[in-house]
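Let me begin by presenting the structure, written as structure tokens, before commenting on it.
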Amino acid sequence: HPMSAERLATVRQRAQTYPPRERALQEARFLERTASLRALTPAIRLFNKAEQARAHGDFAAGVRLAREGLTLAPHDYAGLLILAACQNSLNQPDAALATAQRAAMANPREPNAQGMIAVTALALGRYDEALAATTAFEQVLPSEPQARFIRGFCHERLGHTAAAATAYRAYLQA
């Protein structure tokens, strides 16, 4: 969240109370602790451009920019998801699935990669894989209705009629 004017004024006032030598040490400590974040700035800018290209329907540019950003930050969760979304939009489900799986490995606690895996595996007809990803997704976001629908659809395609009916019923009651 952005810093409020009040918090900024307080920080500036406190900084003025430090002796010059202490202020220099605090600044050096801050710069040292945030160096890794500052190093990611070029990659984040590329991911933002990739997301903008995707929003404007230029999926090929989105792929190119996301890949360029991933050369700078190869395990960036958001960058991997942007790349997977662009690949899906370009009808490259195999590439999108592999990228979404990389995102899931980069940040296993985040559900969006599991959602992307589920949708992409579903498009590829890999219903067992889509069902496993949906289960992982629902463990983090249990109230997401679309996950219930995907669960029902996968069970239906796999011939699990009772499980499909249960999932579809839960979807309709959501």
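The values are calculated or read from the model by the stated rules, or taken from the named source; none is laboratory data. Because the structure is a prediction, the values reported are computed rather than measured. All Cβ positions, even for glycine, are placed from backbone atoms using ideal geometry, and neighbour counts span all protein chains on display. Just so you know, the surface numbers come from the protein's heavy atoms only, side chains and all, with ligands and any DNA or RNA stripped out. Shrake-Rupley method; radii C 1.70, N 1.55, O 1.52, S 1.80 Å.
Run down Leu83, Leu122, Leu97 and say which single residue is aliphatic (A, V, I, L, M) and over 28 Å from Ala163 (Cα atoms). Criteria check complete, one pass: Leu83.
Within segment 47-57, the residues that satisfy the criterion of being within 13 Å of Ser89 (Cβ to Cβ), over 15 Å from the mean Cα position of the chain (by Cα) and open to solvent by 60 Å² or more (accessible area, probe 1.4 Å) are Ala55, His56.
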